[in-house]
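This report refers to the structure that appears directly beneath it.
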Amino acid sequence: MDLVIGVTGATGIIYAVKLLEVLKNNKDVNTHLIISEWAQKNLVLETKYSIDYLESLPTFLYDNKNLGGKTSSGSFVTDGMVILPCSMKTLSSIANGYDDNLISRSAGVMIKEGRKLILCPRETPLSPIHLENMLKLSRIGVKIIPPMPAFYNKPQSIDDIINHHVMKVLDQFEITYDKGKRWNG
């Protein structure tokens, strides 16, 4: 399986770190990572991790400014893409076909090729514009999975909350992740 992972400048980059850590340990998945400039800055602001660490996690790494990267073409076959976290700027760019960087261009490729595209928007409160852009994308099959914590699983730590969201994202690709607690009725 080949998955493109886009990481943008919205808060919540720790979710992307965890997702990439999990996928690095899955020998059946190749990850193609694209990191925005603001995501790199948020990594330093929000976590203890370095850019070198983040860049060591994927199978392949691409420059977000390089619109000629492999993931920018539909002839490069992948199983889908996750943008985590997804800034409202990136969401708007995708919703309106404004492919000004490799992340938004790769997302546009997923849409035109009919591949899975998962967006994990991080913003609050949501404006009517944000909601309209999400609805527009949802109507064409894009999955919108905001990192919203569940409490039925009685999380004991921030890691529990992060693991639950990573589980929800991986479910979209039928990848089992047993660190997220599921509803048992």
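The values are calculated or read from the model by the stated rules, or taken from the named source; none is laboratory data. Treat the numbers as computed from the prediction; the structure is a model and nothing was measured. Cβ coordinates were reconstructed from backbone atoms using ideal geometry, including for glycine residues, and neighbour counts include every protein chain displayed.
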### Task
Of the conditions (1) among the β-branched types (V, I, T); (2) touching a His at 6+ places or on another chain (Cβ under 9 Å); (3) surrounded by fewer than 21 Cβ atoms within 10 Å (Cβ to Cβ), V4 clears all except one; give me its number.
(3)
### Query
Given the structure, is I162 modelled with pLDDT of 95 or more and out of contact with any Lys or Arg (no Cβ under 9 Å at 6 or more places or on another chain)?
no
### Task
Determine, yes or no, whether G6 is in a loop (DSSP other than H, G, I, E, B) and touching a helix residue (DSSP H, G or I) at 6+ places or on another chain (Cβ under 7 Å).
no
## Note on the structure
Filtering the stretch 9-45 down to residues that are touching a Gly at 6+ places or on another chain (Cβ under 8 Å) and part of a helix (DSSP H, G or I) yields E37, W38, A39, K41, N42
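Specify the residue that is surrounded by the fewest Cβ atoms within 10 Å (Cβ to Cβ); the eligible residues are those in the stretch 50-93 that are β-branched (V, I, T) and outside any loop (DSSP other than H, G, I, E, B). Talk me through it step by step, then tell me what you get.
Quick first cut of the stretch 50-93, residues β-branched (V, I, T) only: 51, 59, 71, 77-78, 82-83, 90.
Of the ones still in play, those that are also outside any loop (DSSP other than H, G, I, E, B) are 51, 71, 82-83, 90.
On the way: I51: 13, T71: 25, V82: 29, I83: 29, T90: 27.
Per the criteria, the residue is I51.
Considering only residues that are among the hydrophobic types (A, V, I, L, M, F, W, C) and not in a loop (DSSP other than H, G, I, E, B), look in the stretch 126-159 and name the one that is nearest to Y15 (Cα to Cα).
Per the stated criteria, the residue is I158.
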## Note on the structure
Within the stretch 159-185, of all residues that are touching a residue at least 60 places away in the same chain (Cβ under 8 Å) and among the aliphatic types (A, V, I, L, M), the one surrounded by the most Cβ atoms within 10 Å (Cβ to Cβ) is V166
### Query
Here is a list of conditions, (1) in contact with a helix residue (DSSP H, G or I) (Cβ under 7 Å, 6 or more places away or on another chain); (2) aromatic (F, W, Y); (3) more than 26 Å from E123 (Cα to Cα), and Y49 meets all of them except one; can you say which number that is?
(3)
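Just give me the residues in the stretch 94-125 being of a type in the set (D, E, K, R) and either in a loop (DSSP other than H, G, I, E, B) or over 21 Å from M167 (Cα atoms) (or both), in sequence order. Give the steps one after another, and end with the answer.
Going through the stretch 94-125, the residues of a type in the set (D, E, K, R) turn out to be 99-100, 105, 112-113, 115-116, 122-123.
Within the stretch 94-125, D99, D100, R105, K112, E113, R115, R122, E123 qualify.
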### Message
Quick check on the stretch 116-163: of everything there that is within 16 Å of K89 (Cβ to Cβ) and among the basic types (K, R), which residue is nearest to the chain's Cα centre (by Cα)?
### Response
R122
